[in-house]
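Asker: If you scroll down you'll find the structure; I have some questions about it.
Each value in this text was obtained by applying a stated rule to the coordinates, not by laboratory testing. Please read these numbers as outputs of a predicted model, since none were measured by experiment. As a convention, Cβ positions derive from the backbone with ideal geometry for all residues, glycine included, and neighbour counts pool all protein chains shown.
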Amino acid sequence: MEIFELLPQLFTESELMILDFNQIPTETPDYKNIKLFFEESQKLGVDPKLPENRQKFNNTFLDKTNKRYLISRYAENRIEMLKGSKIAEEGRTYHLGIDIFSKNLESIYAPCDGEIVAYDKEEGNHSFGNFLVFKPNSTLTENYIFLGHLSSDKSQLGSVRRGDRIAKLGDYMNGENGGWSRHVHVQLLSILPENIFSIPGYSTKEKLNESHIKYPDPSFLIFK
């Protein structure tokens, strides 16, 4: 079955954004270089991690490339961006999903027929905020699809059809999305945990191979 795009024009209007500072090519233009943005912001005494500042960087990137979305990479090491956080102190710096960033609060659609089996909100700053779990009932994947950083405007539990609107990106200004710039976190779950709030967004290097099995690469949902 052909995948229905999670977000409109995702397959054709997206640009890769490298968030591992150590893997950004030297020839990368300034407006695409998140490492340079962090360095220049810190020199000016501006916190580059604040969602409103990250959003400005993302918006500039999107405007200059004339794209609708910026897409991160699976299992990317984000140690430089996480410095000073509890996650970094625990050594969990490898991102277990793929982030899709946008300027607008885009709608999200079911990639195939399936069922929304869980939805809730993780409170606090730097959390998943509103999230849901979608279980496909097709040959698309046997894994659950976890979507985080959503708005409170999302579907209820139950069956949905391919192409149905199931969610919308949340905003940082009203506390919906856990305090991040506008994006959706897409992660696969091989097993649905009993405690829906126990899903980790990051892994340590030592447990990365184990994490690949529990939280497989969702790239097939995002890149055509």
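Asker: Between Lys86 and Thr28, what is 0.36 nm times their sequence separation minus the Cα-Cα distance? Round to one decimal in nm. The partial results should precede the final answer.
Answerer: Numbers: separation 58, 0.36 × 58 = 20.88 nm, distance 3.01 nm.
Answer, rounded to one decimal: 17.9 nm.
Asker: GNM, the chain, Cα, under 10 Å: largest mean-square fluctuation among Ser181, Ser155, Ser41?
Answerer: With Cα springs under 10 Å in the chain, the top fluctuation among Ser181, Ser155, Ser41 is at Ser41.
Asker: Kindly flag which residue pairs out of Lys83/Lys205; Lys43/Lys205; Lys35/Lys56; Lys35/Lys64; Lys56/Lys83 have an alpha-carbon separation exceeding 25 Å in this structure.
Answerer: Lys43/Lys205, as the Cα separations exceed 25 Å there.
Asker: Just to check I understand the Karplus step: with θ = phi - 60° and J = 6.51 cos²θ - 1.76 cosθ + 1.60, what whole-Hz values come out for region 138-145, glycine and proline as x?
Answerer: 10, 7, 4, 6, 8, 8, 7, 10
Asker: Return the sequence-ordered ³J(HN,Hα) values of region 115-131 in whole Hz as given by the Karplus equation 6.51 cos²θ - 1.76 cosθ + 1.60 applied to θ = phi - 60°, using x for Gly and Pro.
Answerer: Values per residue, Gly and Pro as x: 9, 7, 9, 7, 7, 6, 9, 8, 7, x, 6, 6, 10, 6, x, 5, 8 Hz.
Asker: Stretched out fully, how many nm does the piece from Lys224 to Glu142 gain, at 0.36 nm a residue minus the Cα gap?
Answerer: Here the segment from Lys224 to Glu142 would lengthen by 27.6 nm.
Asker: A further question follows. What angle do you read, to the nearest 10 degrees and between 0 and 90, between the alpha-carbon axis of helix 34-43 and the longest principal axis of the chain?
Answerer: The helix 34-43 is inclined about 50 degrees to the chain.
Asker: By how many degrees, 0 to 90 and rounded to 10, does the Cα axis of helix 51-65 deviate from the longest principal axis of the chain?
Answerer: With both axes taken from Cα atoms, the answer is about 90 degrees.
Asker: Given the rule -39500 (n - 2.57) for each run of at least 4 DSSP H residues, summed and divided by the residues of the chain, what is its mean residue ellipticity at 222 nm, to the nearest 500 deg cm²/dmol?
Answerer: Dividing the helical sum by the residues of the chain leaves -5000 deg cm²/dmol.
Asker: Another question, then. Have a look at Val117, Val184, Val46 and tell me which one the Gaussian network model of the chain (Cα, springs below 10 Å) gives the largest fluctuation.
Answerer: Val46
Asker: Taking amide H positions as placed 1.01 Å from N in the peptide plane, with prolines and chain starts having none, which residues 5 or more places from Ile199, or on another chain, fall under 5 Å of its amide H?
Answerer: Those lying under 5 Å, H to H, from Ile199: there are none.
Asker: Then there is this: Taking amide H positions as placed 1.01 Å from N in the peptide plane, with prolines and chain starts having none, which residues 5 or more places from Val160, or on another chain, fall under 5 Å of its amide H?
Answerer: Gly114, Glu115, Ile116
Asker: OK, next. Quick one: which residues, 5+ away or cross-chain, put their amide H under 5 Å from the amide H of Leu19? H built at 1.01 Å from N.
Answerer: Under 5 Å from the amide H of Leu19 lie the amide H atoms of Arg73, each far enough along the sequence or on another chain.
Asker: Now for a separate question. If the cut-off is 19 Å between C-alpha atoms, which aspartates and glutamates fall inside it for Lys32, apart from same-chain ones fewer than 8 positions away?
Answerer: Straight-line reach from Lys32, under 19 Å: Glu13, Glu15, Asp20, Glu40, Asp47, Glu52, Asp63, Glu76, Glu80, Asp99.
Asker: For the chain, what is the percent of antiparallel DSSP beta bridges, rounded to the nearest 5?
Answerer: Of all bridge pairs located within the chain, approximately 90 percent are antiparallel.
Asker: Among Leu140, Leu188, Met17, whose Cα lies farthest out toward the positive end of the dipole of the chain, if unit charges sit on the beta carbon of Lys, Arg (+1) and Asp, Glu (-1)?
Answerer: Highest projection toward the positive end goes to Met17.
Asker: With +1 on the Cβ of every Lys and Arg and -1 on the Cβ of every Asp and Glu, and nothing else charged, how large is the dipole of region 113-224 about its Cα centre, in debye rounded to the nearest 20?
Answerer: Numbers: 12 positive and 14 negative charges, 68 e Å.
It works out to roughly 320 debye.
Asker: Could you work out how far apart the two model spin labels at Asp164 and Lys43 are, taking each label as a point 7 Å from the Cα in the direction of the beta carbon, and quote it in nm?
Answerer: Computed distance between label sites Asp164 and Lys43 equals 5.2 nm.
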